[in-house]
Amino acid sequence: MGRILSILTVVCACLAIGGVRAPASAHEPEPLLTFVNGSAVHVELDLEDLEDLPVGQFTTTTIWTDGPQTYEGVFLHDLLAYFNVTEGEIRVTAVNDYSVSMPVTELRDQEALLAFKRNGKIMSMRQKGPLWIVYPYDNNTNLQNEIVYSRSVWQVVRLDVLG
């Protein structure tokens with residue numbers, strides 16, 4: 001009994017001196033997107049960071065979903081403007097390493113949305129999230145083609161600004 005009491009005393013003393021804390025990662029949001037602009041800017045953005053930017057939404061059908069869906073997120077032109085990107089191209093990379101490059105000027109004109117919600121709910125990986133580039137396909141028949149569909153990247157993890 002005396003030995004157990006001694007061990008408990010030592011354990012309590014250690015806890016009192018060292019304190020008990022949760023791992024740092026338990027309170028830090030998980031980054032969803034890495035944004036790279038040359039060697040000058042390398043930023044990891046989480047959902048909260050994206051929600052702090054101007055958020056937009058639209059309802060459209062897609063070739064990958066059934067019926068009209070409402071998407072909410074950050075328009076790529078707003079994200080690029082936030083980082084002062086006005087020309088060149090961006091390369092979008094998905095979790096499976098699929099990547100496609102897009103001219104910045106076309107992104108600004110076509111209202112490409114980096115969506116993080118579909119029908120009011122955060123998108124899971126299974127639902128093509130957590131980030132999916134979608135366009136208002138129903139608003140403009142020029143957005144209903146293979147080039148735009150190839151730029152409709154889901155499970156986006158990285159944006160690189162190219163020259």
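Values quoted throughout were computed directly from the atomic coordinates according to the rules given, and no laboratory measurement underlies them. The structure presented is a predicted model; accordingly, all values stated were derived computationally and were not measured.
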- Got a sec to turn the phi values of segment 139-145 into Karplus ³J(HN,Hα) couplings, 6.51 cos²θ - 1.76 cosθ + 1.60 with θ = phi - 60°, whole Hz, x for Gly and Pro? 7, 8, 5, 5, 8, 9, 8
- Item | Shape metrics for segment 49-129, restricted to C-alpha atoms - Rg then Dmax, Å | 13.1, 36
- Near the amide H of Val100, under 5 Å away, which other amide H atoms are found, from residues 5 or more places off or on another chain, if H is placed in the peptide plane? Val92
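Given C-alpha coordinates of segment 28-163, what is the ratio Rg to Rh with the Kirkwood estimate of Rh? Could the numbers behind the result be given before it?
Working: Rg = 13.7 Å, Rh = 14.8 Å.
Ratio of gyration radius to Kirkwood radius: 0.93.
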